[in-house]
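Quick notes on the structure that follows.
The values are calculated or read from the model by the stated rules, or taken from the named source; none is laboratory data. In this text the structure is predicted, and so the values were computed from the model without any measurement. Ideal geometry is used to build each Cβ from the backbone, glycine not excepted, and the neighbour counts take in all protein chains shown.
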Amino acid sequence: MGVTVLPTIDRLPEPLRRFMDRLTGEQKMLLILKRDLYDGDWQRMVDDLVNRLEGRPYMLRLAHRIEDDLQRIEQMRQMERHYEVDLASFLAPLPESEAG
């Protein structure tokens, strides 16, 4: 996946910069989806994933490992709350060919 972390992360505190440098492809995709599909709202994404787990209607198929995605989301939410930032704002938009 071609998601790029923007150079603006240089302005972040060191622990958050290290966290951003270690983001996995799955984490980057979750951040992009939060920003672009869920209007920056983690809770809407979590509700969607839980609905899928419980067999209720859901908006999007994110991954076959929903529990893993929920853990990734919680970790990133904690970082965002602690540092009062939106991690997705430090990722470049998906190229048009990947955005669909």
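Tabulated data for the structure shown
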read-out: Per-region count, segment 1-48, residues under 19 Å from Arg81 (Cα atoms), of a type in the set (A, V, I, L, M, F, W, C) and in a helix (DSSP H, G or I); value: 11
read-out: Identity of the residue in segment 49-91, in a loop (DSSP other than H, G, I, E, B) and of a type in the set (D, E, K, R), that ends up modelled with the lowest pLDDT; value: Arg61
read-out: Count of residues meeting criterion [more than 12 Å from the chain's Cα centre (by Cα) and closer than 21 Å to Arg65 by Cα] in segment 4-42; value: 1
read-out: Pick from segment 15-52, criterion touching a residue at least 24 places away in the same chain (Cβ under 8 Å) and among the charged types (D, E, K, R), ranking: surrounded by the most Cβ atoms within 10 Å (Cβ to Cβ); value: Lys34
